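Undergrad: Please find one structure pasted underneath; my questions will follow.
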Amino acid sequence: PKSIERIMHREGFFNHRLSIDVDGQGHDVLPRDVQVDPVTDKPLHLDFLRIGPDSIITVQVPVHFKNEAAAPGIKRGGVLNVVMHEITVRTKPATIPEFFEVDLTGLEIGHSIHLSALKVPEGVRMVTRDKNPTVASIAAPTVVREAAAEAAAQAAASSGQPAAAEGAAPASGAAQIGRAHV
């Protein structure tokens, strides 16, 4: 049980080919499902899918991101917005990628990475509903909005005028102060 638990907790457990022995005969399999005890989280039951060398299977492959420090958008306070943590592929068992790697070098705020930018090994086909979905993007920080609202409140306080609520029309005769759109 301990060896199974160690293997189960690795990334991509359901993508790794295993060999199991049933009545003295070896079988190549992929894990399909694990049932665990609701209290102890110990595995109670495992389901496997028997595979052959020419089988075509559908699996979820994790996405890894590298070079976050080399992305100017992240350095300036942008946030990496991951849209797809895993990508569904159809392939033979021998060509299942361990993971897809996305390089963030040079990406600015507002830039996005699409599925077509990934390096796909030969014999692997992406399964998606959209033609070229977004995998991740660099989003503007939300702190900018809070800082702009705070600056508007301070400007209103220093001029003696009450700050207008966001989305509210300014009072008649009063100038609108410090509205920032981000």
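The values are calculated or read from the model by the stated rules, or taken from the named source; none is laboratory data. Small disclaimer: the values here were computed from a predicted structure and weren't measured. Cβ atoms come from the backbone with ideal geometry, glycine included; neighbour counts cover every protein chain shown. The accessibility values were calculated without ligands, DNA or RNA, using every heavy atom of the protein model including side chains. Shrake-Rupley method; radii C 1.70, N 1.55, O 1.52, S 1.80 Å.
Undergrad: Could you check the simple spin-label distance between ASP103 and GLN35, using points 7 Å along Cα→Cβ, in nm with one decimal?
TA: It is 4.7 nm.
Undergrad: With each label point set 7 Å from Cα along the Cα-Cβ vector, what nm distance links ILE4 and LYS75?
TA: My value for the distance between the label points is 5.0 nm.
Undergrad: Got a number for carbon plus sulfur as a percent of segment 12-66's accessible area, 1.4 Å probe? Write down the numbers at each step before the final one.
TA: Numbers: 1760 of 3560 Å².
For segment 12-66, the apolar C and S fraction of the accessible surface comes to 49 percent.
Undergrad: Can you give the relative contact order of segment 22-84 as a percent, counting alpha carbon pairs under 8 Å and 6+ residues apart? Mind dumping the intermediate values first?
TA: Working: 44 pairs, mean separation 14.2, N = 63.
It comes to 23 percent, rounded to a whole number.
Undergrad: Determine the per residue accessible area of segment 69-116 with all protein chains present and a 1.4 angstrom probe, expressed in square angstrom. Walk me through the numbers on the way to the answer.
TA: Working: 2530 Å² over 48 residues.
Using a 1.4 Å probe on heavy atoms only, each residue of segment 69-116 averages 53 Å².
Undergrad: Test of understanding: extend the Cα→C-beta vector of THR128 to 7 Å, then name every residue of segment 49-85 with backbone N under 14 Å from that spot.
TA: Counting backbone N atoms under 14 Å from the label point, the list is 61, 63, 83-85.
Undergrad: Take peptides 78-86, 20-28 and line them up by average Cβ neighbours within 10 Å, highest first, as a rough protection proxy. Write out the running numbers ahead of the final one.
TA: On the way: 78-86: 14.7, 20-28: 9.6.
Packing proxy ranking, top to bottom: 78-86, 20-28.
Undergrad: Excluding residues fewer than 8 places away in the same chain, name every one of the lysines whose C-alpha is closer than 20 Å to that of LYS2.
TA: Filter leaves LYS42.
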